[in-house]
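The values are calculated or read from the model by the stated rules, or taken from the named source; none is laboratory data. Just so it is clear, the structure is predicted and the values come from calculations on it, not from any experiment. Because the Cβ atoms are built from the backbone with ideal geometry, glycine has one as well, and the counts that use them run over all protein chains shown.
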Amino acid sequence: MQVSTTGSLATRSEMTAIDAQASVISANNVEHVFSEGVGVFDLNFEIPPGTIFGMIGPSGCGKTTTVRLLTGLYRPDHGKLMVLKQAPINFSSRTRTQIGYMPQHFVLYPNLTVWENLNFVASLYGMGYLKRRRPLNDALEFVELSHARNRLSSQLSGGMQRRLQLACMLVNSPQLMFADEPTAGVDPVLRAKFWEHFRSLRDQGKTLFVTTQYVGEAAYCDLIAVMRAGRIIHLDTPANLQRKALGGEIIKLVVNPADVSAVIQICYQHPAINDVRRSNREPGLLYLQVEDAAATLPLLFGVLGQHPEITVQQAEKYAPPFDDIFIQLMEQAEGEDHV
Amino acid sequence: MFRPIIRLFAFFSKEVREIVRQPRLILSLLLGPFLILLLFGVGYQGERPKLRTALIVPAQGVDQAQLDALKKSIGLNFTIETVDSDLNGAMARLQAGQIEVVEVIPPQIQENLIGGKQSQVDFQYNQINPVNEQWIRYLAYAQVNEMNRFIQTQAITQMQTDLKNRGVESTIPPEVLAAPVMPTYRNLQGTSLAFMTFYAPGVMALMIQHIAVTLGALSLVRERLLGAVELFQVAPVSFMEVLLGKYLGYTLIIGVMAAALISLLVFTPLAVPFLGSIIFFAVLILLFTAAALGIGFMISVWSTSDSQAIQLSMLVLLMSMFFSGFFLPLENFTPAVQLVGFALPLTHAINGFQNIMLRGTLPADNTWILLAIIASVTFLLAVGGARWRFLQVE
């Protein structure tokens, strides 16, 4: 499956148009298999510029392998992989300067200070001594580590180390960034900050390829690839994935518990409502499955308005947590496997 | 244009900072060799083993003058613990390790001589150390020679007295007749150096090599274990730049350390002389450090863990102690094994350090050439190995 710049499903002709726009990353039937038979298989995706591409899946599903293929650390066994118009294993020095990489684990030097570590990474990218001061300061400020610049990185907390790693990824102001599980082991507040940073970078026109085990983080991405056992089982925008998982959109409706049965009857008879589910925890809470929540809500109010005895306490489009969506997608995939 | 230089200096300054941040490491690197030498200088008593000896004389006794002469000649080489006729008691003490040698003087040496027979001086020892055995045999040989000379002198004196009584006079002194040839010694250096002084350049070279090999060996393997190699592979940095940067950083640190160590050796009570050119000495240290670092980096390329890297560094140290001429002369080995010695930077460094520091002369051309060859070959192998090992795309 391929996705257009705006995130909606692309037709084959639209896809050709996207190719012409030169995607930042393009994977075509890419496969890389390790000796034990595990690996990644049949990877197909295009990532347009200025996108946050999230790769989500359980541990060991092939996320890091994919990142390593995209950064040239692994060579594809089959298929064609192009990153910034070059095959990753043949990256030129110039292309490498446009790439930022944040590995899964902290790889900086414990005996160097925050500033020295940043300085080291800036030197790796050949940044001149006089020109680097400002970008380094900006990167530190961006990750809110300016106050700790003279602290040894061994004395930083885990979260601060991840932030330092993020700053190191940013020092050369790359166009394309690969962050391999940047939020792993990070507290929820800091995770939200990370995604705030990522979106800010995206808004500056940068492209980010981010892997994560935290399913809830999918909501922050523009495009999501759901991985399972080395394969991308779904690739779409968060909204479209939600549709796929839930068979449409959901309206959350809260009524007087005494009216629930009557409301269910009315909803079942309405052609725009595909399904009705009752909450076990809250007696007056109903979830209505519809094709288009925005279009159905006025219709729903109209129908229920014809029954003055029914009091609607709340009715709104409901976005279920991505954990639920992810579980649903995984279950669907397992069901397809069994078939 | 300047980017490769910037990248190279990234590693240079990183390595220097990382080591400078570990004052205990610097202290141990600097004070370690100094204290070892100090201990050696204070405690070493010479190469010849001290051999505690029980002297067994014939039960019927020996003439006191003869015994005194005997004890004097034996005492030159052996430390006489007891003088008696109790052979069994002496053998028991030899077995118990209380003495090293039992020397049995035969009875009736003079009578045997007159009778045309040789007497045997029996030396018994209980050694597993081949070097000590060689010393005992050599010293026993020297001592028996001395005894023979004494007996010959006595016999010649007796004969000359008899001949004189018969009217035949000899003008040649009995000592000359007994030993017509005597050795004389002259050292062009004046006097030989104290053991500590002689070994000081070697110990310093050994320490420099060990530090360089260990730093090099741990360097790349640690980067790999840390995961930084992954970062280098994605960044626009070549392994040539990585290694050259590390070479520069470590060479600077080792150079500063060597300078401090030399100062400690020369300007403290150890007073090791420094007679040669400081500039040539600096160049030699540079070449030697590069060669030793090359070996370290080769170890680092092949090691999969830091403990393996340390183990291999220790093997290089052990090999260097045996085959570099540090303790055992290289000439004592077969030509094939000598090649191993020539492949070690330490072999040439000891030679060069001793020449410059103790003799005030330049090392032989071979020293420079072979060190340059080792440095170049190990550098190329390390770069090639690192590229093959770390840049190999799976």
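Points to keep in mind about this one:
- Complete set of residues in segment B:53-73 that are modelled with pLDDT of 85 or more and buried (at least 17 other Cβ atoms within 10 Å of the Cβ): B:THR53, B:ALA54, B:LEU55, B:ILE56, B:VAL57
- When segment B:216-247 is filtered for residues that are more than 13 Å from chain A (Cβ to nearest Cβ) and touching a Leu at 6+ places or on another chain (Cβ under 7 Å), the ones remaining, listed by number, are B:GLY216, B:ALA217, B:LEU244, B:TYR247.
- Top-ranked residue in segment B:162-204 [being assigned to a loop (DSSP other than H, G, I, E, B) and small (Gly, Ala, Ser); ranked as modelled with the highest pLDDT]: B:ALA179
- Contact map, segment B:342-362: residues that are under 13 Å from B:PHE274 (Cβ atoms) and free of Cβ contacts under 8 Å to residues at least 24 places away in the same chain paired with residues that are outside any helix (DSSP H, G or I) and of a type in the set (Lys, Arg), Cβ distance under 7 Å, separation 6+ or inter-chain. No pairs are found.
- Restricting attention to segment A:162-220 and to residues that are in a loop (DSSP other than H, G, I, E, B) and among the aliphatic types (A, V, I, L, M), the residue that is surrounded by the most Cβ atoms within 10 Å (Cβ to Cβ) turns out to be A:VAL171.
- Of the candidates B:PHE78, B:PHE40, B:PHE12, the single residue that is touching a residue at least 24 places away in the same chain (Cβ under 8 Å) and in contact with a Gly (Cβ under 7 Å, 6 or more places away or on another chain) is B:PHE12.
- Yes/no for A:LEU235 being at pLDDT below 90 and among the aliphatic types (A, V, I, L, M): no
- Of all the listed residues (B:ILE373, B:ILE356), the sole one being among the aliphatic types (A, V, I, L, M), surrounded by fewer than 19 Cβ atoms within 10 Å (Cβ to Cβ), modelled with pLDDT of 95 or more and in a helix (DSSP H, G or I) is B:ILE373.
- Candidate set: segment A:81-104, residues that are at negative phi and charged (D, E, K, R); chosen: the one modelled with the highest pLDDT: A:ARG96
- Taken over segment A:297-339, the criterion of being polar (S, T, N, Q) and out of contact with any Asp or Glu (no Cβ under 8 Å at 6 or more places or on another chain) is satisfied by A:GLN306, A:GLN313, A:GLN314, A:GLN328, A:GLN332.
- Restricting attention to segment A:85-101, the residues that are more than 9 Å from every other protein chain (Cβ to nearest Cβ) and either in contact with a Cys (Cβ under 9 Å, 6 or more places away or on another chain) or assigned to a loop (DSSP other than H, G, I, E, B) (or both) add up to 3.
- The residue that is surrounded by the fewest Cβ atoms within 10 Å (Cβ to Cβ), counting only those in segment A:102-123 that are without any contact (Cβ under 8 Å) to a residue 40 or more places away in the chain and farther than 20 Å from A:LEU70 by Cα, is A:TRP115.
- Cβ pairs under 8 Å, 6+ apart, first in segment B:266-280 and within 7 Å of B:MET357 (Cβ to Cβ), second in a loop (DSSP other than H, G, I, E, B) and of a type in the set (Val, Ile, Thr): B:GLY276/B:THR361
- Of the helices (runs of 4 or more DSSP H) that lie entirely inside segment B:1-101, those containing 3 or more residues that are more than 29 Å from the chain's Cα centre (by Cα), aromatic (Phe, Trp, Tyr) and within 14 Å of chain A (Cβ to nearest Cβ) span B:3-20.
- Flag for B:PHE123 being among the aromatic types (Phe, Trp, Tyr), within 24 Å of B:THR53 (Cα to Cα) and at pLDDT below 90: no
- Members of segment A:75-101 that are touching a residue at least 60 places away in the same chain (Cβ under 8 Å), under 21 Å from A:GLU46 (Cα atoms) and of a type outside the set (D, E, K, R): A:VAL83, A:LEU84, A:GLN98, A:ILE99, A:GLY100, A:TYR101
- For segment A:109-126, the set of residues classified as within 7 Å of chain B (Cβ to nearest Cβ) and either in contact with a Leu (Cβ under 6 Å, 6 or more places away or on another chain) or within 18 Å of B:ILE5 (Cα to Cα) (or both) consists of A:GLU116, A:PHE120, A:SER123, A:LEU124, A:TYR125, A:GLY126, listed by residue number.
- Unmet requirement for B:PRO363, which otherwise passes all of (1) under 22 Å from B:ALA194 (Cα atoms); (2) in contact with a His (Cβ under 9 Å, 6 or more places away or on another chain); (3) assigned to a helix (DSSP H, G or I): (3)
- Selection status of A:ALA139, closer than 23 Å to B:PRO4 by Cβ and in a helix (DSSP H, G or I): no
- The single condition among (1) polar (S, T, N, Q); (2) under 30 Å from the mean Cα position of the chain (by Cα); (3) surrounded by fewer than 16 Cβ atoms within 10 Å (Cβ to Cβ) that A:GLN155 does not meet is (2).
- Search result, residues across segment B:355-369 that are among the charged types (D, E, K, R) and under 19 Å from the mean Cα position of the chain (by Cα): B:ARG359
A quick yes/no check of all residues on (1) closer than 21 Å to B:TYR250 by Cβ; (2) not β-branched (Val, Ile, Thr):
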| position | (1), (2) |
| --- | --- |
| B:LEU265 | no, yes |
| B:PHE281 | yes, yes |
| B:LEU284 | yes, yes |
| B:THR289 | yes, no |
| B:PHE297 | yes, yes |
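- Pairs linking a residue in segment A:171-200 that is within 14 Å of another protein chain (Cβ to nearest Cβ) to a residue that is assigned to a loop (DSSP other than H, G, I, E, B) and among the β-branched types (Val, Ile, Thr), with Cβ atoms under 7 Å and 6 or more positions apart or on different chains, are A:LEU176/A:VAL24; A:PHE178/A:THR71.
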